[in-house]
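Reading through the structure tokens given below for one structure.
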There are 2 protein chains.
Amino acid sequence: PSDITDSDFANYFCTYGFLYHQKQMLEDTKRMRSYRDSIFLNKKFFQDKVVLDVGTGSGILAIWCAQAGARKVYAVEATGMAANARVLANANNVGHIVEVIHSTVEALELPEKVDCIISEWMGYFLLRESMLDAVIVARDKFLKPGGSLWPSHARMYVAPASTAMTHNKVSARGHALDDWEQFKQSTFSEYGVDLSALSEYYEREQTEYYMQTVQWAEVGPWQLLGKAAVILDIDLATVTLPEITEVHSKFSCQLWPSQMGEEEEEIEVSAMCGWFDVTFKGAPGEPATQEVLLCTAPEEGVCTHWGQSLFLVHPALYGAAEEHVSGTIDVTRQKTNFRLLDVCMNLQVTSGKDDATAASKPAQFFYKFE
Amino acid sequence: PSDITDSDFANYFCTYGFLYHQKQMLEDTKRMRSYRDSIFLNKKFFQDKVVLDVGTGSGILAIWCAQAGARKVYAVEATGMAANARVLANANNVGHIVEVIHSTVEALELPEKVDCIISEWMGYFLLRESMLDAVIVARDKFLKPGGSLWPSHARMYVAPASTAMTHNKVSARGHALDDWEQFKQSTFSEYGVDLSALSEYYEREQTEYYMQTVQWAEVGPWQLLGKAAVILDIDLATVTLPEITEVHSKFSCQLWPSQMGEEEEEIEVSAMCGWFDVTFKGAPGEPATQEVLLCTAPEEGVCTHWGQSLFLVHPALYGAAEEHVSGTIDVTRQKTNFRLLDVCMNLQVTSGKDDATAASKPAQFFYKFE
Ligand SMILES: Nc1ncnc2c1ncn2[C@@H]1O[C@H](CSCC[C@H](N)C(=O)O)[C@@H](O)[C@H]1O
Ligand SMILES: Nc1ncnc2c1ncn2[C@@H]1O[C@H](CSCC[C@H](N)C(=O)O)[C@@H](O)[C@H]1O
């Protein structure tokens, strides 16, 4: 579709055009069961209703809605995957109910308003990909008053964590910088060009790459060092674009007693861990028959394809049990690609929730999603 | 610069903006020595001359030209790397000679014509990246009649080869397809959606990925099974855009006797291997003092960052020593990204150069660069 910019297609939509990638999402059991349950345990919301599936991909959610008794499902998909969704709907005998439309939702026109909007729009740390924008557009343009959104609510979390990754990346960066020194020397001796003037730039580039890139990780619950803080809590029925374009939040996470049982021990906070959950609660005026939660927090043995987002903290912060890791977080969109996020955190250890008790100034950390 | 399309920047220029990537090119010893020698062993072409460096990157070639005595070097670079090139030229005391211009060469205006154009524009299999276009633009707009181009000539080659990669990729694709079967079954039993209708599409996607993607490889000379054929031979002084936008060539490569010495043995051709060379021969009317060759053919112990391009042949072709692997090759630009190439080959084994002797019809193979 021509309303997608070239670079957005190159950067973002491109991967969704591969069935291989859609398959990876279809293999995410926790994700799949949450959506399935939210539909089939809340059938009354879908029976004889008109549904819009924003970003249908392989068509899975649209087909489920049809199977749950929808009268009509508009399934919109920006990539060529639309053709596969159409094939799949037909092969599963719901081709007369599911109408697949190869378009962006922004360019979509529908002959009627819809009773429900369903969408799997969540990216890493909830907001990466900025696809919630498309759901808001769809809601404002197509959802009947009092209609339902699936999911209906979403929250972002951060918590102090422990990870070996910080040490590993510090040492990988160290190797990269040592290698630069050698490279610089041999370039000078072999080719007579002195690269010294670029050393600082190279160091900055490597620091960005190793230390300031948000890391995808499968975090174990035992790696969490304290209470999680909610940094964003939204109701999809009412949320507006400005409320998600930038997130600015204060948080304070109390450190738990060490798992070793030694109370006096210093706790080393080597990362902040981020994740999200979404809830399927039905419509504003009509609660779900069965509320469903899709939570991507660290959990033993279960990991979604979102994993968790690790924000490496180096040098580490040290605190004692019952102290707080307090701070602020700013989540903004990258200037050169609105689907990627910049994150800035101010972090310090305080004795209570009130950061006035802080011993020193907070340390500032910058991160980029890639 | 605003004349680069968004997607071209996202897809192509983006990587060149990292010093890390420029460093990888600066570490390619064979590449570096060829350019250095071509400049310093042919100083008379540069002394007191005006030079244009198309795509200066870190600035290395421009600095060398200045060190070789150029009066003025215009060093044009599309990415933010331009700022580093400027710093480097200053730090190496040639800031008064090297003028770095942050622009595409297509948008460039210069106050004068130039005596030489130097550029390192070669991509995988010579033409990937389509950067030669920019050199042709620069030549037609800025080069004085009789001026010199560095390099001045370029050739593309193919040769029959043996590689374990073909077998590995065939088996990886097999695993992927087995996995799909399992995935299909569990999706049906767990979620009630039958994916069978997409099996064929998935198989095609996986075949493209595993078998039709051109593979970067470090090929050893012992993997070559026959004589190489030149499929393109260009003189940069005269080549025109249409001559490189599409390459259509016939070739015939005689198979060598088996290295095992057994003459009767069947030779298994499991790939075609592609590479290129460029030569620095000076100006049309003024041959180089010392001709320099930068060749990326398989060579023992030496590999450039270009490696070689492997086009997997499956099922393999079989021939005997002195028979020929004959065929045609078409190299075209991808519709969705002109910097990437599609390659189509027709291959057969013939007893002589003349493919009329072929036992059967040629087999057709399609490939994509990524
Ligand atoms: N603005 C937009 N308009 C239409 N489709 C969009 C869109 N933004 C993202 N998409 C599509 O939304 C999909 C999100 S992935 C989810 C796919 C499917 N609903 C499932 O749950 O498995 C991708 O296929 C992507 O191409
Ligand atoms: N049309 C164009 N205009 C300006 N720069 C271009 C260009 N096409 C490619 N480039 C730049 O050309 C460089 C090619 S890589 C070679 C870099 C350097 N001359 C060296 O030899 O080490 C890249 O930095 C790329 O950004």
Give, in nm to one decimal, the length gained when the segment between A:Ala164 and A:Trp222 is fully stretched (0.36 nm per residue of separation minus the Cα-Cα distance). 19.6 nm
For peptide A:269-281, compute the average count of partner chain beta-carbon atoms within 10 Å of each residue's beta-carbon. 0
Förster-model FRET efficiency, 45 Å R0, B:Ser249 and B:Arg71, C-beta, rounded to 0.05: 0.65
Got a sec to turn the phi values of the stretch B:287-300 into Karplus ³J(HN,Hα) couplings, 6.51 cos²θ - 1.76 cosθ + 1.60 with θ = phi - 60°, whole Hz, x for Gly and Pro? x, 4, 4, 9, 5, 10, 10, 10, 10, 10, 5, x, 8, 4
Rounded if a/c is under 1.5, else prolate if a/b is larger than b/c, else oblate: which is the stretch A:204-345, with a ≥ b ≥ c the root eigenvalues of its Cα gyration tensor? oblate
In vacuo Debye scattering of the protein assembly as shown, one point per C-alpha: log10 I(q)/I(0) at q = 0.09 Å⁻¹? -1.02
Pick from A:Phe13, A:Phe183, A:Phe276: which residue has the top mean-square fluctuation in a GNM of chain A where Cα pairs under 10 Å get a spring? A:Phe183
Inter-chain Cβ neighbour average for residues B:6-13, partner chain, 10 Å: 5
Take A:Trp256 and A:Val137, extend 7 Å from each Cα along the Cα→Cβ direction, and tell me the distance between the two endpoints in nm. 4.2 nm
Considering chain B as a Gaussian network with a 10 Å cut-off on Cα pairs, which listed residue, B:Leu132, B:Leu224, B:Leu177, attains the greatest mean-square fluctuation? B:Leu177
Using the Cα centre of the stretch A:184-332 as origin and beta-carbon charges of +1 (Lys, Arg) and -1 (Asp, Glu), tell me which of A:Trp256, A:Tyr202, A:Ala237 is placed farthest towards the positive end of the dipole. A:Ala237
What is the magnitude of the charge dipole of the stretch A:36-128 about its Cα centre, with +1 placed on the Cβ of each Lys and Arg, -1 on the Cβ of each Asp and Glu, and no other charges, expressed in debye to the nearest 20? 260 debye
With unit charges on the beta carbons (Lys and Arg positive, Asp and Glu negative) and the dipole taken about the Cα centre of the stretch A:1-84, which residue among A:Ile39, A:Val54, A:Met25 sits farthest to the positive side? A:Ile39
Between the stretch B:29-71 and the stretch A:194-259, how many Å separate their Cα centres? 45 Å
Averaged over the residues of B:84-96, the number of partner chain Cβ atoms within 10 Å of each residue's own Cβ comes to 3
Shape of the stretch B:1-73 from its Cα gyration tensor (a ≥ b ≥ c, root eigenvalues): rounded if a/c is under 1.5, otherwise prolate when a/b > b/c, or oblate? oblate
Name the residue, out of A:His21, A:His305, A:His314, whose mean-square fluctuation peaks in a Gaussian network model built on chain A with Cα pairs under 10 Å. A:His21
With unit charges on the beta carbons (Lys and Arg positive, Asp and Glu negative) and the dipole taken about the Cα centre of the protein assembly as shown, which residue among B:Ala10, B:Leu143, A:Gly352 sits farthest to the positive side? B:Leu143
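Since every read-out is calculated from the coordinates, none of them should be taken as a lab result. Note that this is a predicted model, so its numbers are computed, not measured. Virtual Cβ from ideal backbone geometry, glycine too; neighbours counted across all protein chains shown.
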